[in-house]
Structures are given as C-alpha cells and as structure tokens.
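Here the structure is laid out as structure tokens; the discussion comes afterwards.
The values are calculated or read from the model by the stated rules, or taken from the named source; none is laboratory data. Just so we're clear, the structure is a prediction, and the values are computed from it rather than from any experiment. Counting neighbours? That spans all protein chains shown, and the Cβs are built from the backbone with ideal geometry, glycine included. Side chains included, ligands, DNA and RNA excluded: accessible areas come from the protein's heavy atoms. Shrake-Rupley method; radii C 1.70, N 1.55, O 1.52, S 1.80 Å.
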Amino acid sequence: VRAEEHLPNTLRQVLIYNALGLKPPKFAHCSLILAPDRSKLSKRHGATSVGEFKEEGYLSEALMNYLALLGWNDGTEQEMFTKDELIEKFSLGRITKSAAVFDKQKLNWMNSQYIRQLDASDLERRLTDLWVEKGVLAGPDTEEARGIMAKT
C-alpha cells in the first residue's frame, strides 16, 4: 500500500520485475494526506515522522488509530479502535478515494482519550520513562521519582 503519487511509476516497476523474472507484488494506492491548507503534508506543517509525534507526547495507540482513520473507515461511526480491532476490520475495499486532511485538533482529542483510558500504573510508567529520557529525573527508581509520583 502506497500513496497515489506512485501511480505513474507503477507500470515501470512492474516491467522491471518482469525483466528480472520476478513476480510483481500486488500494488494498492491510497490518497495523500493533506495539510489543513489542502497542500501536500510536509515538514513545514510540523511533525511528519512517528518519532517526532512521540517526542511531542503522542501515544502510539492514538497515532495509529488516528492515521488509520485518515484514509479508511469500517463503515460505522466508531472512532476508537484497538490495534487488534484495526487488524480485524481493515480491508482495502474501505480505503477512501478522496484525500484526507490532517487535523491536529482531532489527533489531540484522540490522544487525550487514550491518555484518559490508561490505568494509573501505566500512566506512571510512561511519565517516568519520559521524564528520565528528557533528563527531568535521574532514573525511574529514585527517591525523586517516587516523590513526584506520590504527588500525582
């Protein structure tokens, strides 16, 4: 599965596979993700990699869920999916034909929903890991960390 911008080079790639005596893969193309101004999403619009979103504090579960819904739906009004639900319900036939617009407010909302669903120990672990990574805490099992977590 790749972006529609690769449609023009698909025939050439199939010819290369054939010339090499290889069976070409099945290609599927989906619409681009557009910026709020409806231009092609790029670095000038902010984070564009999973790592950058993680650095900004987005949970992987929320980002996966949000990105899945940008170009696909399961035919229902459901917005929150677990990874297993996405795997079970996904089909190429439900990929949308029109380009999706990246909406940071919607991603923020979805991330907040996932954060609210975390149990206290999972939230504590994630926050501690983040604070250690950012140098706020010296380590996860320090007096300082226990003191901060006791106050939250």
Would you give the gap between the C-alpha center of the stretch 90-110 and the C-alpha center of the stretch 7-43, rounded to a whole Å?
19 Å
In what sequence, largest accessible area first, do TRP72, TRP109 appear using a 1.4 Å probe?
TRP109, TRP72
Using a 1.4 angstrom probe on the protein heavy atoms only, line up ASP103, ASP119 by accessible area, largest first.
ASP119, ASP103
Which entry in (i) 1.22; (ii) 1.37; (iii) 1.13 is this structure's computed Cα Rg over 2.2 N^0.38 Å?
(ii)
Charge dipole (the chain, unit charges on Cβ, about Cα centre) - positive-most of SER112, LEU15, GLY93:
LEU15
Note, ³J(HN,Hα) from phi for the stretch 68-77, Karplus 6.51, -1.76, 1.60, rounded to Hz, x at Gly and Pro:
4, 7, 5, x, 7, 8, 9, x, 10, 8
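Tell me the per residue accessible area of the chain using a 1.4 Å probe; a whole number in Å² is fine.
Averaged over the residues of the chain, the accessible area is 69 Å².
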Between the Cα axis of helix 7-19 and the main Cα principal axis of the chain, the angle (0 to 90°, nearest 10) is 70 degrees
Using amide H atoms built 1.01 Å from N in the peptide plane, name the residues 5+ places from VAL101, or on other chains, whose amide H lies under 5 Å from its own.
LEU34
Could you list which residues have their amide H under 5 Å from that of ALA3, counting only those 5 or more apart in sequence or on another chain, with H placed in the peptide plane?
CYS30
Quote to one decimal, in nm, the extra length available between SER60 and LEU123 on full extension: 0.36 nm per residue of separation minus the C-alpha distance between them.
21.3 nm
Going by accessible area, probe 1.4 Å, with all protein chains left in place, what is the ranking of LYS23, LYS104, largest first?
LYS23, LYS104
Which residues qualify? For TRP72, with a placed amide H closer than 5 Å and at least 5 residues away or on another chain, they are THR96
LYS104 versus ARG2, label points 7 Å from Cα toward the beta carbon: distance in nm?
3.0 nm
